[in-house]
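First the structure, in the form of structure tokens, and then the observations on it.
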Amino acid sequence: MERIYIAEYLSYWKATEAPLSADVGVIEGASGVWLYDVGNSEETAAEINALPGRKNIVLSHFHPDHIGNLPKIRYDALYQGANTLRYTGAGTAVTADIYLQDGVQLHLFPLPSSHAKGSLGLEVNETYAFLGDGAYSTRKAGRRVYNAGLLLEQIRVLRGLKARWFLLSHDAEFVRSREEVLSQLEAIYKMRSPKESYIVLSETDDEE
Ligand SMILES: [Zn+2]
């Protein structure tokens with residue numbers, strides 16, 4: 001698989017649809033590599049196992065297209081949200097911001113999300129922020145919806161980041177400008193009605 005470079009220290013393998021497998025971010029640190037998600041395809045698992053040196057893994061959320069490869073991968077450290085730990089049964093649960101220095105500056109942050117409980121973002125060198133599927137909606141009774149309260153909390157967390165670029169899983173355009181993503185989320189938040197917990201984007205169960 002082609003590894004696409006965004007910066008000298010940051011690259012990724014693109015998501016696939018068949019099999020459904022999320023983008024895998026690769027950050028080159030001083031002690032080894034940091035992976036954001038591990039995907040769910042044989043091809044991606046083989047690419048990850050072929051990386052030399054120490055492997056630290058950060059999981060965005062518990063969905064199988066993001067974590068399915070975990071049992072097939074050799075790794076040294078694993079970080080995830082508390083809800084994701086219920087699915088992996090291994091590693092460290094991250095419930096508050098963590099800052100690490102490893103040749104690159106890493107900031108792991110819990111991301112309030114309508115899409116998945118226990119979402120975890122990763123900001124690198126105050127420039128790029130991996131969000132996984134965290135900024136997406138969820139499906140409720142066949143409709144695409146955002147939870148208004150979680151969306152407001154999410155906007156606050158994202159506004160507090162320094163990164164200029166947000167990396168969104170599965171998106172044809174993986175690297176998105178921070179302002180573009182935030183203005184979309186803020187426009188959705190404005191659609192809320194005072195008495196409703198959910199903001200309905202569509203009545204039909206169409207694809208994102
Ligand atoms: Zn997901």
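Any read-out appearing in this document is the output of simple, stated calculations on the displayed coordinates, not a laboratory observation. This one's a predicted model, so the numbers in the text were calculated from it and none came from an experiment. With ideal geometry, Cβ positions are generated from the backbone for all residues, glycine too; neighbour counts draw on all protein chains shown.
List the relative contact order of the chain as a percent without decimals, with contacts defined as Cα pairs under 8 Å and 6+ residues apart.
Normalised by residue count, the contact order of the chain is 14 percent.
Across segment 53-189, how many lysine pairs, 8 or more positions apart or on different chains, have C-alpha atoms separated by under 28 Å? Please give the number.
Step by step, the pairs that qualify in segment 53-189 add up to 6.
Between Glu28, Glu173, Glu126, find the one with the highest GNM mean-square fluctuation for the chain; connect C-alpha pairs within less than 10 Å.
Maximum fluctuation in the GNM of the chain, among the listed residues, is at Glu173.
Using Cα pairs closer than 8 Å and at least 6 residues apart in sequence, work out the relative contact order for segment 1-119, in percent.
Taking the mean separation of contacting Cα pairs over the length of segment 1-119, I get 18 percent.
With N denoting the number of residues in the chain, provide Rg(C-alpha) divided by 2.2 N^0.38 Å, to two decimal places.
0.99
Under a Cβ-only charge scheme (Lys and Arg +1, Asp and Glu -1), can you give me the dipole magnitude of the chain about the Cα centre, in debye to the nearest 20?
The dipole of the chain has a size of about 720 debye.
Kindly work out what percent of the DSSP beta bridges joining two residues of segment 128-208 are antiparallel, to the nearest 5.
70
When N is the residue count of segment 5-48, what does its C-alpha Rg come to as a fraction of 2.2 N^0.38 Å?
That ratio works out to 1.16.
Given Ala148, Gly91, Ile27, which one lies farthest toward the positive end of the charge dipole of the chain, if we put +1 on the Cβ of every Lys and Arg and -1 on the Cβ of every Asp and Glu?
Positive-most Cα among the choices belongs to Ala148.
Apply the a/c threshold of 1.5 to the C-alpha gyration tensor of segment 39-87 and tell me whether it is rounded, prolate or oblate.
oblate
Given that compact globular proteins tend to follow 2.2 N^0.38 Å, what is the ratio of the alpha-carbon Rg of segment 113-179 to that value?
Here the Cα radius of gyration is 1.11 times the empirical estimate.
Can you list, largest first and rounded to whole Å, the semi-axes you get for segment 1-87 by taking the square root of 5 times each eigenvalue of its Cα gyration tensor?
18, 16, 12
Stick to Cα atoms and the Kirkwood definition of Rh, then tell me Rg/Rh for segment 86-208.
0.98
Relative contact order for segment 65-181 using alpha-carbon pairs under 8 Å, separation at least 6, rounded to a whole percent?
Relative contact order comes out at 18 percent.
Cβ under 15 Å from Tyr79's Cβ, Tyr79 left aside: what net charge do those residues give with Lys, Arg +1 and Asp, Glu -1?
The answer is -2.
Go ahead and estimate [θ] at 222 nm for the chain from helices alone: -39,500 (n - 2.57) per DSSP H run with n ≥ 4, summed, over the residue count, rounded to 500.
One gets -6000 deg cm²/dmol as the mean residue ellipticity at 222 nm.
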